[in-house]
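Quick notes on the structure that follows.
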Protein chains: 2
Amino acid sequence: MVEHILNLDSVFASLSDSTRRDILRRVAEKQLSVSEVAKPYKLGFAAISKHLKVLEKARLIIKHRQGKEHIIQLSPAAVKNAADYLIHYQTIWDRRFDALEMLLIHLPAEEKTGWPKTIKAPRKTL
Amino acid sequence: MVEHILNLDSVFASLSDSTRRDILRRVAEKQLSVSEVAKPYKLGFAAISKHLKVLEKARLIIKHRQGKEHIIQLSPAAVKNAADYLIHYQTIWDRRFDALEMLLIHLPAEEKTGWPKTIKAPRKTL
DNA sequence: GTATCATTCAACCATATGGTTGAACATATC
DNA sequence: GATATGTTCAACCATATGGTTGAATGATAC
């Protein structure tokens, strides 16, 4: 099903930097040259180049040359795969979340859950 | 809607380490003491303790004392929030993915997309 | 109180990360 | 060919990360 190797370490590491998340977001809207990518930030070109290399290694973007410019685009396949994984994670967590929620709703708090009282029980409306 | 501050930097940084992802997965199944968490890995206790602190700071787990043991549980609220965010991300990406797919289906490849020919077009069945 | 068990803290080390600067490389233009 | 433009590379710096070891803390057991 998943054709490409999804390196979760590098994908999540890529996403752990807000500049890179912002770059991803902008590149998702429209393909950009490296200069265009760099424009909004007060970083040097080399720094942007490094960020792009991180994103490229994580297969979140594709870089290719067009004349003297290097064009950056979101890498559709890798993004799709990452999204699939995240959905899977989300499912696991939601299930667990529901289970914990059940516990909290049906048990008299602290007694069996072993939670400190300062921890709020999750709410359905959350 | 989101009550707690979701620090995406620390959440994604937490998820970028496979040991921590594994700990999260195991703790999601069942609450564990620090020793129990540590057991499967060949790391020292201090290393595990550090990993747990990273996860705690990212609000992905809750730690509390029970006698002389420290019990680790998945932090439901934070996990729910993280999952919500990931779903959102996934939605953005899926939308973008669909848009790229449209482009690739309806245009004669390389000419207007500017993609190198070695890049496979995404497939509906992916 | 003393010993023991569970865990953390402190100090240290190696490597990774995010940034800088300035030189180098491609491509386009004159 | 010379020059300008766009981007990367190399070297460097500061800080963060992931690990170690050994001492310190906190709670239980004797």
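Each of B:Glu29 and B:Lys42 was given a label point 7 Å from its Cα along the Cα-to-Cβ line. The distance between the two points is 2.1 nm.
Here region B:8-75 is assigned +1 on the Cβ of each Lys and Arg and -1 on the Cβ of each Asp and Glu. Its dipole about the Cα centre then comes out at about 120 debye.
Considering only the other residues whose Cβ falls under 10 Å of the Cβ of A:Ile71, what net charge follows from Lys and Arg at +1 and Asp and Glu at -1? That sum, taken over residues with Cβ under 10 Å, equals 0.
Peptide A:24-36 shows a mean partner chain C-beta count of 2 within 10 Å per residue C-beta. Peptide A:62-75 shows a mean partner chain C-beta count of 2 within 10 Å per residue C-beta. So what is the relative contact order for region B:8-75, in percent, with contacts set as C-alpha pairs under 8 Å and at least six apart? Taking the mean separation of contacting Cα pairs over the length of region B:8-75, I get 38 percent.
For the residue pairs B:Lys39/B:Lys68; B:Lys30/B:Lys57; A:Lys53/B:Lys30; A:Lys63/B:Lys50, the C-alpha atoms sit more than 29 angstrom apart in A:Lys53/B:Lys30; A:Lys63/B:Lys50.
We did not get these values from a lab; they are worked out from the coordinates using the rules stated. This one's a predicted model, so the numbers in the text were calculated from it and none came from an experiment. Because the Cβ atoms are built from the backbone with ideal geometry, glycine has one as well, and the counts that use them run over all protein chains shown.
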